[in-house]
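Written below as C-alpha cells is the structure these notes are about.
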C-alpha cells in the first residue's frame with residue numbers, strides 16, 4: 001500500500017473529547033478515507049457524523065474486518081479489548097494513550113500486533129509537538145528534569161487517575177530524554193473532585209543519576225504545561241501549549257569574567273501535534289515501517305505509571 005495507491009480505509013472508535021479530532025483530521029488528510037465512526041452515544045454519533053458527513057455505527061464490532069486501520073479513542077478501560085479485536089482481524093491500530101490500564105494488557109496487544117504483522121501505535125501526541133522534537137534533538141545528558149502539567153477539572157469522564165490521564169504524557173517524554181532504567185520511584189497524591197487521585201507528584205531516579213520531579217493536576221485554577229531539563233552548563237525551558245523552547249547557557253562574556261546564563265530562543269516548527277501523529281500513523285500503514293511511538297514505548301510509560309500509582 002503506497003501513497004499513490006488506494007486510499008487507506010480508516011475508522012474511529014469513540015468520538016468524544018479527543019476522538020472527534022481524530023475523525024476531523026482524517027477527513028482533511030490526503031490518501032485516506034474515513035469510512036465510519038463508532039460511538040455508543042447517539043448524541044455524539046449525530047453531532048460528529050453530521051458535522052463530518054460520515055456514516056456512524058453504535059457497535060464498533062460491525063467495523064471489524066472492514067477497515068485497513070482504526071483509531072481507538074474510547075475510555076482507557078476499553079482500549080485493550082477493542083484494539084485486540086481489530087489487530088486480530090488484520091487492521092493496523094492507533095490506540096490513544098495510555099495504551100492500556102495494565103502492563104499485562106499492553107504485552108498482549110504488542111504480541112498480537114507482532115503475530116499479525118500489524119502496526120500498533122500509541123497516541124502520545126506530545127512526541128509530535130514541535131518544541132518537544134527540538135528539545136529531543138538537543139538534550140544529551142540530563143541531570144535533573146522538572147515538569148508541571150496542571151489544569152482545571154475537565155468536562156469529560158475521568159475513568160482513570162491523573163497519573164494515567166495526564167502525567168503519562170510527561171512520563172513518556174522523560175523516558176525518551178533520559179534513556180536509562182528507572183531505579184527508584186516515590187509518589188504522593190490525593191483525590192479532590194473525583195473518586196480517583198486528581199493531583200499527584202512523583203520522583204523518578206534513573207541509573208544514569210538523573211532525577212525527574214513530575215507534578216500533574218486536573219484540579220488547578222490555572223493551565224500550566226512546562227518541562228525544564230537541566231544538564232551541565234545549560235538548561236532548557238519548554239512550554240508545551242505555546243510550542244516554545246528556550247535554552248539558558250553558561251557564558252563568561254565580559255572583562256570581569258563573571259559567569260552568566262544567556263537565554264537563547266530555539267527555533268520551533270509549530271505544528272498541530274495530533275495531525276502530525278495521524279500522518280505518521282498513516283505513513284506507517286502505507287510503508288509498513290514502525291511508528292514514532294510504538295506499542296513497546298506505550299508499554300514502558302504504563303510500566304512506570306504503574307509504579308507511581310502503587311506508591312500513591
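Can you find, within the range 75-91, the residue that is nearest to residue 116 (Cα to Cα) among those that are in a loop (DSSP other than H, G, I, E, B) and either touching a helix residue (DSSP H, G or I) at 6+ places or on another chain (Cβ under 6 Å) or without any contact (Cβ under 8 Å) to a residue 60 or more places away in the chain (or both)? Step by step, filter the range 75-91, then rank; the result is 90. Scanning the range 223-269 for residues that are surrounded by 12 or more Cβ atoms within 10 Å (Cβ to Cβ) and outside any strand (DSSP E or B) returns 240, 241, 242, 243, 268. Taking the range 111-142 as the range and being crowded, with 19+ Cβ neighbours inside 10 Å and farther than 25 Å from residue 212 by Cβ as the test, the residues that pass are 112, 113, 118, 119, 120. If only residues of the range 35-53 that are more than 25 Å from residue 298 (Cα to Cα) and touching a helix residue (DSSP H, G or I) at 6+ places or on another chain (Cβ under 7 Å) are counted, the one that is surrounded by the fewest Cβ atoms within 10 Å (Cβ to Cβ) is 52. Taking the criterion of being crowded, with 23+ Cβ neighbours inside 10 Å and under 26 Å from residue 5 (Cβ atoms), the residues of the range 64-105 that qualify are 69, 70, 71, 72, 83, 86, 87, 91, 92, 93, 94, 95. Inspect the range 197-214 for any residue being over 24 Å from residue 305 (Cα atoms), at pLDDT 95 or above and under 19 Å from the mean Cα position of the chain (by Cα) and give the result as yes or no. The answer is no, given that none of the residues of the range 197-214 is over 24 Å from residue 305 (Cα atoms), at pLDDT 95 or above and under 19 Å from the mean Cα position of the chain (by Cα).
The values are calculated or read from the model by the stated rules, or taken from the named source; none is laboratory data. Source: prediction; values computed, not measured. We place every Cβ from the backbone using ideal geometry, glycine too, and count neighbours over all the protein chains shown.
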